[in-house]
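Throughout, read-outs are computed from the coordinates displayed, never taken from laboratory work. Treat the numbers as computed from the prediction; the structure is a model and nothing was measured. Here Cβ is always computed from backbone atoms with ideal geometry, including for glycine, and neighbour counts include all displayed protein chains.
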Amino acid sequence: MKGNSTLPSFRRRVFAWFSRNTRELSWRGTKDPYEIWVSEIMLQQTTTAAVEGYYRRFLERFPDVQSLAAADLAEVYRLWEGLGYYRRAAQLHKAAGVIVEKHGGIFPQTFEEVLVLPGVGRYTAGAILSIAYDQRLPILEANTIRLHSRLLGITTSPFETETNKRLWAFAEEILPKKNVGRFNQALMDLGNRVCTAKQPLCLSEASCPLVEWCQCVRLGLQQKIPAPKAKPNVEEITEIAVLVRKRGKILLMQYPEGVRWAGLWDFPRCQDDGSVSKALSELTGRRIELGRPISTLRHTVTRFKITLRFIEGKDGGLLQKPQYATRWVKPEELAGLPLNSTGRKLSREL
């Protein structure tokens, strides 16, 4: 590391900034590896503001790994509903079962054992073990990728193999011998609050405690580092969701394993490609006649801009074996079922 001060000075500066600027978050201060693990899985690709309420409700219902492992996956999905990336919930539930069966309900304490848990990668394993047990393990996620790339003045993409190795090596090099979890959390907060993506606070040491070590500031490349990801081509599609009623009940279908929203329930839905009735019949095994429109909902999923048309449908009886599991439910039962986020929005219109 280059700069006017030593590495110990760098670490002291990080700790001093964190002491003055520590955020009060529900998962801060705990050393319980289970609670830290839940927070880290929830925080994957999700903001802290979005996670706060979900985290508290989740721990109220599942205060330990045993209660999570014993729960029905549908209930886990229901508590996760609206947080997105539902595969995380399924992996969390599956990993809880592994911890109970293979580790006697005690969260494992070695990097190798944690790394093989479903849904856990190198960053998550390092975060859990450094925060819970103060193990000297580095972390690298969105905020620290940006921070370290700027400190080192790296102009290549942080996702290129060699660049990524360099960032991990740097993250390990700067670790202190103790209070590693606190140091890692401080670096994440620095990236999130000071070394921000669009307007980093680089004017002085008062703004950024690491400005004297930052190659990016010396080069004036704050807007170019880290190198941006290539933007995916956005594809616009239209989907049809159908409200089918029969004897006071509503027809739902459940997404199977291996597809988006696996395990969640939804109104019968398919892409509007000119053969909607046929597609809905294949999914549900029933003849569905399309009726009048109810509403239109627009949303974005990864690289797709989706226009979702919600329309009435009429059940024409069984035709064939369905591709997806189906179920007739009373309207009041919808509140207790795990629906995907757009399915929940549509249910509120009933």
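A few remarks follow.
- If the chain linking Lys31 and Arg12 were pulled fully straight, counting 0.36 nm for each residue of separation and taking away their Cα-Cα distance, it would gain 4.6 nm.
- A helix-only calculation puts the chain at -12500 deg cm²/dmol for mean residue ellipticity at 222 nm, using -39500 (n - 2.57) for each DSSP H run of at least four residues, averaged over all residues.
- Rg/Rg_globular for the chain, with Rg_globular taken as 2.2 N^0.38 Å and Rg from C-alpha atoms: 1.19
- Couplings 3J(HN,Hα) for region 310-315, derived from phi with the Karplus relation 6.51 cos²θ - 1.76 cosθ + 1.60 (θ = phi - 60°), are 9, 10, 6, x, 10, 6 Hz, where x marks Gly and Pro.
- Net dipole in debye of region 119-206 [+1 Lys, Arg Cβ; -1 Asp, Glu Cβ; about Cα centre; nearest 20]: 100
- Projecting label points 7 angstrom from Cα along Cα→Cβ for Gln109 and Ala230 puts them 4.7 nm apart.
- Most fluctuating residue given options Pro331, Pro232, Pro209, as computed from a GNM of the chain linking Cα atoms under 10 Å: Pro232
- Dipole check for region 1-116: with +1 at the C-beta of Lys and Arg, -1 at the C-beta of Asp and Glu, and the Cα centre as origin, the magnitude is about 760 Debye.
- The charge dipole of the chain, taken about its Cα centre with unit charges on the Cβ atoms of Lys, Arg (+1), Asp and Glu (-1) only, comes to about 660 debye.
- Cβ-derived FRET efficiency at R0 51 Å, Leu221 paired with Asp273, nearest 0.05: 0.65
- Potential extension, Glu173-Thr155 segment - 0.36 nm per residue separation minus Cα distance: 4.5 nm
- For Val301, the residues whose amide H sits under 5 Å from its own are Ile306, ignoring neighbours fewer than 5 places away on the same chain, with H placed 1.01 Å from N.
- Taking a ≥ b ≥ c as the square roots of the eigenvalues of the alpha carbon gyration tensor, region 235-347 is rounded, as a/c is under 1.5.
- FRET efficiency for the pair Glu52 and Tyr85, taken as 1/(1 + (r/R0)^6) with r the Cβ-Cβ distance and R0 = 30 Å, rounds to 0.95.
- The Leu203 and Glu101 beta-carbon pair, evaluated with R₀ = 45 Å, returns a calculated FRET efficiency of approximately 0.25.
- Compared with the direct C-alpha span, the chain from Thr307 to Asn164 gains 47.8 nm at full extension, assuming 0.36 nm per residue.
- Computed over the chain, relative contact order equals 15 percent, with contacts defined as Cα pairs under 8 Å that lie 6+ residues apart.
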